[in-house]
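Everything on this sheet refers to the single structure shown next.
The values are calculated or read from the model by the stated rules, or taken from the named source; none is laboratory data. Small disclaimer: the values here were computed from a predicted structure and weren't measured. Using ideal geometry, Cβ is built from the backbone for each residue, glycine included, and neighbour counts are taken over all protein chains shown. Side chains are part of the model used for accessible areas, which takes the heavy atoms of the whole protein and leaves out ligands, DNA and RNA. Shrake-Rupley method; radii C 1.70, N 1.55, O 1.52, S 1.80 Å.
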Amino acid sequence: MMLARVIGISTAKYGVSRFVRMSTTPQAPNLDDIRDLLKKYPGGSVDLDLDSTSGIAVLSLNHVNKMNAMSGQMMVELTDRVTELESWSEGKAVIFTGAGNTFCSGGDLSTVRGIFDPENGNQMCYYMQNATTRFWNLPLLTFALIKGRALGGGAELATACDFRLMSSSAKLGFVQAKMGVTTGWGGGTRLVKLLGRTKSLSLLCSGQVLDAKTAQEIGLVDHVLEDVESELTDVKRLIASQYCSPDRSIVRAMKSVATAASDNNVCEALEIERNIFQTKWGGPLHVAAINNNVKHK
């Protein structure tokens with residue numbers, strides 16, 4: 001029997017608590033045990049560069065010789081990097097990308113073959129759903145920068161971001177059905193939230209690989225960038241000017257409002273929004289804006 005468990009995530013600095021609801025069995029898998037299992041499968045790394053000056057971090061999958069496929073060790077490192085981001089108080093945003101010329105081609109086949117039974121598959125699924133849900137709930141704006149290929153699990157990772165920026169030559173596809181499996185890293189659930197049931201089922205069952213233009217037309221991608229515009233320096237400039245111009249505390253508070261709305265019912269979300277609003281109303285930033293008549297400039 002499946003039981004609903006409510007997990008409270010403290011965000012005391014904003015004066016609110018967020019809640020992530022996960023359906024799980026009474027004896028949920030032990031994350032430390034899964035971590036030990038996944039560490040047996042090395043290869044690649046997940047790198048994090050924190051730029052406290054701009055407030056924009058870069059999270060990069062680095063397994064270039066395997067198209068940035070996720071090894072077990074990389075899954076563990078992804079969780080570690082998310083933990084670092086959760087405690088990065090100077091941040092406004094994160095760019096999630098892949099090293100070289102591709103985003104992520106899904107799971108590393110060496111790892112897949114090593115855990116190729118239903119029980120180990122369930123544990124890996126639980127671990128990655130935990131990591132991607134925590135990433136989704138970061139008080140930072142998150143941007144997937146998709147170059148090359150984002151296939152299978154790579155497409156799922158892209159859905160864990162608030163925004164998707166895609167190079168004009170890139171391809172994105174939920175190809176799991178072609179591999180005789182379903183989404184397992186939370187991507188199916190998030191895709192339905194993004195596109196709705198019908199469009200999502202079409203993509204999931206067909207395994208269609210989308211070009212950037214089509215992905216933008218159906219609402220999966222927010223910006224299509226020419227290849228020359230998809231360099232990190234240009235993307236950082238775009239993010240800083242269009243999304244991160246407000247004070248850091250306001251950006252983070254707005255993200256918390258949006259997260260509450262997507263993860264809670266209306267009444268709970270409204271209460272959280274009200275609590276966040278109260279922490280900003282009449283504060284120094286609000287007073288300065290009122291005195292400078294910023295609203296009409």
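Tabulated results
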{"read-out": "Contact order relative to length of segment 84-173, as percent, for alpha carbon pairs under 8 angstrom and 6 or more apart", "value": "38"}
{"read-out": "Solvent exposure, largest accessible area first (probe 1.4 Å, DNA, RNA and ligands not counted), of HIS63, HIS223", "value": "HIS223, HIS63"}
{"read-out": "Share antiparallel - DSSP beta bridges, the chain, percent rounded to 5", "value": "45"}
{"read-out": "Once exposed loop GluC sites (Glu not before Pro) are cut out (DSSP; at most 15 other Cβ, 10 Å), longest piece of the chain", "value": "91-225"}
{"read-out": "Accessible surface, segment 67-137, averaged per residue in Å² (probe 1.4 Å)", "value": "35"}
{"read-out": "Heavy-atom accessible area ranking, 1.4 Å probe, most first, across SER168, SER256", "value": "SER168, SER256"}
{"read-out": "Unit charges at the beta carbon, dipole of the chain: most positive-side option, GLY43, GLY106, LEU145", "value": "LEU145"}
{"read-out": "Charge context of ALA150, other residues only, Cβ under 13 angstrom, K/R +1, D/E -1", "value": "+2"}
{"read-out": "Probe 1.4 Å - accessible area at CYS205, Å² to nearest ten", "value": "100"}
{"read-out": "Which of THR189, THR53, THR133, THR111 is most accessible, then next, and so on - probe 1.4 Å", "value": "THR53, THR189, THR133, THR111"}
{"read-out": "Value of relative contact order over the chain, rounded to a whole percent, pairs C-alpha under 8 Å and six or more apart", "value": "15"}
{"read-out": "Accessible carbon and sulfur surface of the chain relative to its total accessible area, %, 1.4 Å", "value": "55"}
{"read-out": "Degrees, to the nearest 10: 266-280 long Cα axis against longest axis of the chain", "value": "50"}
{"read-out": "Exposure of TYR41 as accessible area (Å², to 10), given a probe of 1.4 Å and all protein chains", "value": "50"}
{"read-out": "For ARG248, solvent-accessible area (1.4 Å; no DNA, RNA or ligand), Å²", "value": "100"}
{"read-out": "Relative contact order (%) - criterion: Cα under 8 Å, at least six apart; region: segment 173-297", "value": "16"}
{"read-out": "Environment charge of ILE239, counting only residues whose C-beta is closer than 14 Å and scoring Lys/Arg +1, Asp/Glu -1", "value": "0"}
